[in-house]
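Peer 1: Quick one: this structure, given as structure tokens, is what I'll be asking you about.
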Amino acid sequence: VVRYDRIIPPGGKGSITLEVNSRTVRGKFEKKAMIWSDDASQMSIAVYVRGEVQPNVELTPGGYLSLWGTIGKTIKAHVDITNNHKEPMRITRVWHDMASHVKWKLTPIHPGYAYRLTVTDQSRSPAEYIGHLWLETDLPQEPELTIIVSGTVHAEAGK
Amino acid sequence: METMMRNRNIKRNARKILLLWIFVFFLESTRFAGAAGAPLIRIDQTIYTFPRAFEGEKLSHTFAVFNRGTGVLHIKEVRPS
């Protein structure tokens, strides 16, 4: 977003404001804006804003879990949840939309700051599914986290 | 005699009015020349680094733009990329 004064009198001062949406950038960033004026000696000038945006909560390895395997064997995967704020974060609720396919377990690693969510497949027959797992937190900046889960469960060999 | 005096006064007044007009014209022309002078854009700081921020925080910075010239500066467009 850009706001600026269109007319600046001789000897005067104006302003150009640049706003960056920190929801759309991640990590280090640099944004450039070209200023075009009627100064014949310098018709355009570039200005830059730089910075670094840190996520409130990090999901490692990411917000996606893949459960792949054979019925009768343990099929599970986990995601680590890290709170980057100084204030502790509690996970107040976990729910999903995959009916009887999965069960989950939340283990505090460093209570308030790091948790491990383990998701295990419990399908009784071969299945392919995709769904969501939601975590409700008490962190005002990130009240809800979403993890996408996909599952591919094969029959045992020879069955 | 009286007519001569009156004519002389009229001439003197006419000269005064003419001089006044020339003076006013001169003032206006210098003012006009100033307005039509060249603008000169100056931005002292063209790079700004925000302090480290969290996702969702407001990131906003205002650059100061100066016109060091003698004409009005028009900012035609500011295009982010």
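Peer 1: Taking the stated definitions as given, is A:Val20 more than 30 Å from A:Leu139 (Cβ to Cβ) and facing chain B (nearest Cβ under 8 Å)?
Peer 2: Criteria not met by A:Val20.
One line per residue, one yes/no per condition, for (1) surrounded by 12 or more Cβ atoms within 10 Å (Cβ to Cβ); (2) modelled with pLDDT of 95 or more; (3) within 16 Å of the chain's Cα centre (by Cα):
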| site | (1), (2), (3) |
| --- | --- |
| A:Val119 | yes, yes, no |
| A:Ser123 | yes, no, no |
| A:Gly131 | yes, yes, no |
| A:Thr146 | no, yes, yes |
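Peer 1: For segment A:42-101, which positions are within 30 Å of B:Ser81 (Cα to Cα) and among the β-branched types (Val, Ile, Thr)?
Peer 2: Matches in segment A:42-101: A:Ile45, A:Val47, A:Val49, A:Val53, A:Val57.
Peer 1: Something else: Go through segment A:127-159 and report how many residues are free of Cβ contacts under 8 Å to residues at least 60 places away in the same chain, among the small types (Gly, Ala, Ser) and closer than 13 Å to A:His96 by Cα.
Peer 2: So the count comes out to 1.
Peer 1: Do you know which residues across segment A:1-17 are more than 7 Å from every other protein chain (Cβ to nearest Cβ) and in contact with an Asp or Glu (Cβ under 7 Å, 6 or more places away or on another chain)?
Peer 2: A:Val1
Peer 1: Let me confirm something: among A:Gly27, A:Gly72, which residue is over 24 Å from A:Ile147 (Cβ atoms) and not aliphatic (A, V, I, L, M)?
Peer 2: A:Gly72
Peer 1: If only one of A:Gly63, A:Gly72 is more than 10 Å from chain B (Cβ to nearest Cβ), farther than 27 Å from B:Thr49 by Cα, more than 13 Å from the chain's Cα centre (by Cα) and not aromatic (Phe, Trp, Tyr), which one is it?
Peer 2: A:Gly72
Peer 1: Given the conditions (1) in a strand (DSSP E or B); (2) of a type outside the set (Phe, Trp, Tyr); (3) in contact with a Gly (Cβ under 8 Å, 6 or more places away or on another chain); (4) surrounded by fewer than 14 Cβ atoms within 10 Å (Cβ to Cβ), report the number of the one that A:Val79 does not fulfil.
Peer 2: Tallying (1) in a strand (DSSP E or B); (2) of a type outside the set (Phe, Trp, Tyr); (3) in contact with a Gly (Cβ under 8 Å, 6 or more places away or on another chain); (4) surrounded by fewer than 14 Cβ atoms within 10 Å (Cβ to Cβ), A:Val79 fails exactly one: (4).
The values are calculated or read from the model by the stated rules, or taken from the named source; none is laboratory data. Just so it is clear, the model here is predicted, and its values are computed rather than measured. Note that we place each Cβ from the backbone using ideal geometry, even for glycine, and neighbour counts take in every protein chain shown.
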